[in-house]
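A.B. asks: Below you'll find the structure I mean.
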Amino acid sequence: MEGIRDLLKNTLGQSLNSLGDEDRLAAAWPVACGKTMAERGMIVGYHDGVLRVRVGNAAWLKQLTSMRGQLAGELSRIAAARVSEIHFEMKR
């Protein structure tokens with residue numbers, strides 16, 4: 001299963017070249033963090049390497065925050081966009 005995931009990551013990265021950074025990051029989000037986590041957070045902004053993600057509840061906010069560094073690295077690699085920081089915010 002992990003081999004398929006790596007293949008998808010590489011293929012997705014190559015197919016997103018014509019999109020802007022924020023769109024590439026949004027498309028890469030479910031691949032970088034997995035379907036379950038991706039459904040709990042939504043990319044709402046990107047500027048100068050800082051990605052903003054809105055999260056539905058405190059439990060998922062804590063989980064995603066604990067994976068911030070890993071997610072930033074995966075998103076950068078897949079989307080070929082610099083992600084120096086991820087700011088998570090609670091959905092209102």
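Values quoted throughout were computed directly from the atomic coordinates according to the rules given, and no laboratory measurement underlies them. It should be emphasised that the depicted structure is a prediction, and the values quoted were computed from it without experimental measurement. Here Cβ is always computed from backbone atoms with ideal geometry, including for glycine, and neighbour counts include all displayed protein chains.
A.B. asks: For the chain, taking Cα atoms only, what is the radius of gyration to one decimal and the Dmax to the nearest whole Å?
C.D. replies: When restricted to the Cα atoms of the chain, Rg and Dmax are 12.4, 38 Å.
A.B. asks: Report, for the chain, the % of DSSP beta bridges that are antiparallel, rounded to 5. Let's see the in-between values first.
C.D. replies: Details: 6 of 12 bridges.
About 50 percent, rounded to the nearest 5.
A.B. asks: Please report Glu74, Glu89 as a ranked list, fewest other C-beta atoms within 10 angstrom at the top and most at the bottom.
C.D. replies: Ranked by crowding around the Cβ, least crowded first: Glu89, Glu74.
A.B. asks: Under unit Cβ charges (Lys, Arg +1; Asp, Glu -1), what dipole magnitude, rounded to 20 debye, does the chain have relative to its Cα centre?
C.D. replies: I would put it at about 300 debye.
A.B. asks: Follow-up. Mind checking the angle between helix 2-15 and the chain's longest principal axis? C-alpha axes, 0 to 90 degrees, to the nearest 10.
C.D. replies: It is inclined by approximately 80 degrees.
A.B. asks: Taking the Cα atoms only, what angle lies between the long axis of helix 68-79 and the longest principal axis of the chain, rounded to 10 degrees?
C.D. replies: 30 degrees
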